[in-house]
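Have a look at the structure below before the remarks.
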Amino acid sequence: MISNTSTPLLPALEFRNVSVAFDDKPALTDISFQLHEGEMILVTGESGSGKSVLLRLAMGLLKPDSGQIFVGNREIETLDESELLAIRGGLMGMVFQEDSLFTGLSVYENVAYRLEEHDWTEEDIQKAVTEALDFVGLTGEEDKLPEHLSGGMKRRLEIARALVGWPSIMLFDEPTMSLDPIVAVQVLDLIIRARDINKISSIYVTKKIHELPYLSNYVALQEEDRIVINEAPPDKLPMTRIIILEGGHIAFTGSLCEFQDSDLAAVRKFRTLDQHNHSADPYFADPWDKSRQPQERLL
């Protein structure tokens, strides 16, 4: 839901009539949208619909065949490689669908790598890495190699590496894929915290339909010395929007309510994919506490 205010929201990221094809086969066709500051866009669609291609275009890892992409009011196509690297290292972070950790580097070194590339001082790197690892609950694991981490810990390390230095835009490519339900909720809660507490704009790609209402209806709140995640009242919902890609086109764009009420065939198909009631799923106020026990959400 985009807030109605007298001051227009500035786009953090914008696609204008973007198309790209591989071997003459269209992957995305005439894609246009704006990601506003503080907004989360939830992108879904079947495999091969162009979701991951969209993220790689946003990151500047692919170039469009036609159209324009703007990051922070700068057109990606006009930037040289050093300027693109500066955007990826400062303005944007991405959590890839596949494991992209450096297997020969420790937890600390994996998170510090991007900052070292951009000539941060050792003191600033240590402060930023410590903060990122604390945020994802990996304090004390700094010297471990990725092979000694569980699947959930690896995913949290991926998020720490993308969030270090607190970029203003985050891109998530199915970050809960292959995770068990409890670990998946932990990852979702991290993403909500980054969005609401650190005011990060984000594009979140998923095929898990039950994640759409969770990310659209829950918010992170700072309460004294802790952060809690509660269901938001109707007048204080987070700024979210859903986009459905179908065959490389935008088949739907709108709020969660519009998604739930839509009669479009593309929307009806996705609404039937997840009939499970997730309201009773376990929740942990501190998901990294090794002695944790499931408890009811604070509402």
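Before moving on, here are some points about what is shown:
- Cβ-Cβ under 6 Å pairs, at least 6 apart or on other chains, segment 51-79 side surrounded by 14 or more Cβ atoms within 10 Å (Cβ to Cβ), far side in a loop (DSSP other than H, G, I, E, B) and at pLDDT below 90: GLY72/LEU91; ILE76/GLY60
- Hits in segment 15-29 - residues which are over 16 Å from HIS249 (Cα atoms) and modelled with pLDDT of 95 or more: none
- Helices (runs of 4 or more DSSP H) contained in segment 54-156 and holding at least 2 residues touching a Lys or Arg at 6+ places or on another chain (Cβ under 6 Å) and β-branched (Val, Ile, Thr): 107-117
- For segment 162-179, the condition holds for at least one residue, the condition being that it is touching a strand residue (DSSP E or B) at 6+ places or on another chain (Cβ under 7 Å), modelled with pLDDT of 90 or more and part of a helix (DSSP H, G or I).
- Residue satisfying condition, being touching a residue at least 12 places away in the same chain (Cβ under 8 Å), surrounded by fewer than 19 Cβ atoms within 10 Å (Cβ to Cβ) and among the hydrophobic types (A, V, I, L, M, F, W, C), within set VAL183, VAL187, VAL164: VAL183
- Strands (runs of 3 or more DSSP E) fully within segment 195-276 that include at least 3 residues being within 21 Å of the chain's Cα centre (by Cα) and modelled with pLDDT of 95 or more: 201-205, 240-246, 249-254.
- Residue in segment 216-235 that is buried (at least 17 other Cβ atoms within 10 Å of the Cβ), touching a Leu at 6+ places or on another chain (Cβ under 6 Å), among the aromatic types (Phe, Trp, Tyr) and free of Cβ contacts under 8 Å to residues at least 40 places away in the same chain present: no
- Test: residue in segment 104-122 that is within 22 Å of ALA160 (Cα to Cα), without any contact (Cβ under 8 Å) to a residue 60 or more places away in the chain, among the charged types (D, E, K, R) and crowded, with 19+ Cβ neighbours inside 10 Å: yes
- Only a single criterion out of (1) among the hydroxyl-bearing types (Ser, Thr, Tyr); (2) surrounded by fewer than 18 Cβ atoms within 10 Å (Cβ to Cβ); (3) farther than 24 Å from THR44 by Cα; (4) within 22 Å of the chain's Cα centre (by Cα) is not satisfied by SER178, namely (3).
The values are calculated or read from the model by the stated rules, or taken from the named source; none is laboratory data. Source: prediction; values computed, not measured. Positions of Cβ are generated from backbone atoms using ideal geometry, with glycine treated the same way; all protein chains shown enter the neighbour counts.
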